[in-house]
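K.L.:
Before I ask anything, let me first share the structure, which is written out below as structure tokens.
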Amino acid sequence: MTRFRRFAGLSGRRLVLAGLALLVFGLLWFGNLEYRDLVDPDEGRYAEIPREMAASGDWVTPRLNDLKYFEKPPLQYWATAAFYRVFGVDEWVGRLWPALTGLAGIALLFAAGARLYSRRVGVLAALVVTGMVAYVLYAHALTLDMGLTLFQCAAVLGFAVAQRDSATARERQAWMLGAWAAVAAAVLSKGLVGILLPAVTVGLYVLVHRDFALLRRLEAGKGIVLFVVLAAPWFVVVSTRNPEFARFFFWHEHFERFLLPEHHRPGAWWYFLPVLAMGATPWLGVLAWSAPRWWGSEPGARFRATRFLALWCAVVLVFFSASSSKLAPYVLPVFPVLALLVASKIDEFAPRTLALLLAVFAVPIVLGAWLVPPRAVHRIHLEGVPLYAQHFLPWIVAAGGILGAGLLAAGAIAWRGWRGAAVATASFASLVAVTLAMTGHQTMSPVYSTEQSFERMRHMYGEVPRNVPFFSVGMYDQGMPFELGRPLVLVAYRDEFALGLDAEPQKALPTLDDFRAAWRSLDAAYAVMRPATYEMLRDEGLPMTLLVIDPRRAIVRR
């Protein structure tokens with residue numbers, strides 16, 4: 001213990017306080033993974049695919065609702081399926097991979113920041129990203145984006161650490177091979193974007209600086225072999241077993257998704273600017289103040305790490321802004337690097353400058369939390385949704401109040417010259433505020449999740465027999481197979497299942513008429529559908545008993 005204290009530079013009292021801080025952080029980081037129901041569509045989808053993988057034992061061909069599903073590679077599915085095998089199938093287990101990769105990203109920032117700048121900057125970067133709204137949110141949401149973010153940032157930061165002027169030949173090789181391995185993991189997480197964006201960033205840096213000698217320092221020979229050994233086997237095996245995979249995955253999911261608006265995710269060229277502003281909270285003021293200074297940093301250095309990292313942020317933003325398919329988490333890999341850039345400038349700021357940049361956003365955040373959500377609720381026209389949203393509003397107001405108070409406190413602390421304590425205070429307040437808001441989102445569960453409706457049905461009518469068919473009519477509720485523990489029979493629905501249904505059409509009913517005939521022929525069956533569909537079929541006289549109805553779905557029994 002004495003040796004550890006000496007290494008950490010902490011007295012006994014500070015060591016105890018640090019231990020308590022880590023305990024509180026751990027409780028906040030992992031504490032509500034189980035509390036919240038799965039939010040459709042993404043959380044239901046990415047919980048169910050690995051559940052089916054773990055249940056079937058087929059670790060090569062991903063399936064959703066027992067149909068081939070090739071939209072994304074399998075790394076997160078593998079990890080989550082393995083967690084299911086160890087811990088059992090549950091919501092918190094499904095969210096464990098994003099939470100763990102988010103935690104690993106914090107450690108990565110400390111390690112990279114300490115080597116690129118200083119140990120103090122590494123600590124500040126870890127603190128800054130721990131409070132970034134976008135980072136906290138997606139570390140606790142079941143999507144594929146946090147895993148991709150970890151590996152892309154590991155690749156970019158590994159490259160930067162390897163190329164820094166003080167790196168030894170041994171360090172350069174180790175960090176570059178780590179970067180190549182991270183690129184392979186990024187490709188296995190979400191596809192070719194995992195290698196494309198880091199490669200474009202390196203290429204642009206070389207062109208801007210005319211530093212073509214850098215290309216000889218990439219450990220390309222060993223790196224490419226390592227990349228192929230790690231990334232290629234699954235693509236080869238899945239293509240061998242599924243001839244339709246290659247065209248769908250590489251052409252449809254990459255080129256068509258980028259070039260064509262058919263995925264119904266449009267957005268203006270400035271779509272990601274408000275995402276960036278909201279996601280970088282509570283560091284937006286520091287970001288805006290410091291960004292103009294990034295490009296000119298480190299004059300005289302052979303490799304200018306700050307400029308390279310700024311270029312990475314620009315490449316990611318420009319690439320996805322040019323895409324025809326836009327979703328907020330696409331630019332998540334920007335935020336950890338922004339945190340490091342912000343931390344490097346916080347270390348240079350006068351403490352009172354930091355105080356002003358933190359405190360100036362306290363009042364707008366509080367007012368925004370009080371004024372914007374109620375106006376947004378009044379714009380919601382889906383039946384029943386505003387009622388649930390009204391229950392969510394107090395949580396948003398409370399989160400805004402906590403964040404505003406935390407920023408004022410952080411500003412006061414910084415004003416007294418305690419820069420690190422100020423950053424820790426602002427990040428802690430933001431982490432608490434985001435956690436509180438996500439916890440409050442559970443009030444919206446009847447709208448965005450299947451679980452409460454299904455649990456209510458199960459409580460009133462008992463378990464659904466496994467040998468009784470369960471139809472999904474004209475819709476697909478992503479969380480329902482996860483709640484049932486088995487797939488549904490799709491009726492008059494294709495959407496993301498088009499490829500799977502073309503391969504195995506016998507697993508679905510193509511029309512409502514087919515459903516009507518099948519329903520009448522069965523002695524027992526269940527079905528989920530939109531309330532309007534239920535009313536139409538009920539008025540037709542189709543024999544069915546309503547079990548549960550909410551704003552999004554009606555569950556009936558034959």
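The values are calculated or read from the model by the stated rules, or taken from the named source; none is laboratory data. This structure is a prediction, so every number in the text was calculated from the model and none was measured. All Cβ positions, even for glycine, are placed from backbone atoms using ideal geometry, and neighbour counts span all protein chains on display. Accessible surface is based on the protein model in full, side chains and every heavy atom, while ligands, DNA and RNA are left aside. Shrake-Rupley method; radii C 1.70, N 1.55, O 1.52, S 1.80 Å.
K.L.:
Put +1 on the Cβ of each Lys and Arg and -1 on the Cβ of each Asp and Glu in the chain; which of Leu338, Phe303, Val187 then has its Cα farthest toward the positive end of the dipole?
P.N.:
Phe303
K.L.:
Placing +1 at every Lys and Arg Cβ and -1 at every Asp and Glu Cβ, with all other atoms neutral, what dipole size does the stretch 108-216 have around its Cα centre, in debye to the nearest 20?
P.N.:
Using Cβ point charges on Lys, Arg, Asp and Glu, the stretch 108-216 gives about 260 debye.
K.L.:
Which aspartates and glutamates, on any chain, are close to Lys68 with Cα under 14 Å apart, when same-chain ones fewer than 8 places away are left out?
P.N.:
Glu48, Glu52, Asp58, Glu244, Asp495, Glu496, Asp502, Glu504
K.L.:
So, one more: Convex hull over the alpha-carbon atoms of the chain: what's its volume per residue in Å³?
P.N.:
Spread over its residues, the Cα hull of the chain gives 168 Å³ apiece.
K.L.:
Cβ neighbours within 10 Å, averaged per peptide: list 292-300, 503-511 in order, most packed at the top.
P.N.:
The densest-packed peptide leads the list: 503-511, 292-300.
K.L.:
Between Ala169 and Ser118, what FRET efficiency follows from the Cβ-Cβ distance if R0 is 22 Å, with the result rounded to 0.05?
P.N.:
0.45
K.L.:
Would you tell me the accessible area of Tyr69, worked out with a 1.4 angstrom probe on the heavy atoms of the protein chains, in Å² to the nearest 10?
P.N.:
It works out to around 0 Å².
K.L.:
Something else about it: Which of rounded, prolate, oblate describes the stretch 282-438, given a ≥ b ≥ c as roots of the alpha-carbon gyration tensor eigenvalues and a/c under 1.5 marking rounded, otherwise prolate only if a/b is larger than b/c?
P.N.:
Because a/c hits 1.5 or more and a/b fails to exceed b/c, the stretch 282-438 counts as oblate.
K.L.:
Ignoring ligands, DNA and RNA, please state the percent of accessible area on the chain from carbon and sulfur, probe 1.4 Å.
P.N.:
66 percent
K.L.:
Quick check for you: with a 1.4 Å probe and neighbouring chains kept, what is the accessible area per residue of the chain, in Å²?
P.N.:
Per-residue accessible area for the chain comes out at 44 Å².
K.L.:
Heads up, I need the accessible area for Val225: 1.4 angstrom probe, whole protein in place, Å², nearest 10.
P.N.:
90 Å²
K.L.:
By average Cβ neighbour count within 10 Å, what is the ranking of 143-149, 473-479, 245-251 from highest down?
P.N.:
So the peptides 143-149, 473-479, 245-251, ranked by packing, come out 143-149, 473-479, 245-251.
K.L.:
A further question follows. What's the ranking of 266-275, 429-438 by average number of surrounding C-beta atoms within 10 Å, highest first?
P.N.:
429-438, 266-275
K.L.:
Here's something else I'd like to know. Taking R0 as 25 Å, what FRET efficiency do you get between Arg352 and Val372 from their Cβ-Cβ distance, rounded to the nearest 0.05?
P.N.:
0.25
K.L.:
Rounded if a/c is under 1.5, else prolate if a/b beats b/c, else oblate: with a ≥ b ≥ c from the C-alpha gyration tensor eigenvalues square-rooted, which is the stretch 35-94?
P.N.:
Since a/c reaches 1.5 but b/c is at least a/b, the shape of the stretch 35-94 is classed as oblate.
K.L.:
Decide, for the stretch 312-383, between rounded, prolate and oblate: order the square roots of the alpha carbon gyration tensor eigenvalues as a ≥ b ≥ c, take rounded if a/c falls under 1.5, and otherwise choose prolate if a/b is larger than b/c, else oblate.
P.N.:
Verdict is oblate for the stretch 312-383.
K.L.:
Write down the percent of antiparallel bridges among all DSSP beta bridges whose residues are both part of the chain, to the nearest 5.
P.N.:
55 percent
K.L.:
Mind checking the stretch 471-552 for GluC sites (Glu not before Pro) that DSSP puts in a loop (not H, G, I, E or B) and that have at most 15 other Cβ atoms within 10 Å?
P.N.:
Listed in order of number, the matching sites amount to none.
K.L.:
I've got another one for you. Give a quick list of trypsin sites (Lys or Arg not before Pro) in the stretch 186-221 that DSSP marks as loop, anything other than H, G, I, E or B, with at most 11 other Cβ atoms within 10 Å.
P.N.:
In loop regions of the stretch 186-221 (DSSP not H, G, I, E or B), the sparsely surrounded trypsin sites (Lys or Arg not before Pro) are Arg210.
K.L.:
Further question: Could you state the number of Å between the C-alpha centres of the stretch 298-361 and the stretch 169-191?
P.N.:
Using only Cα atoms, the two centres lie 22 Å from each other.
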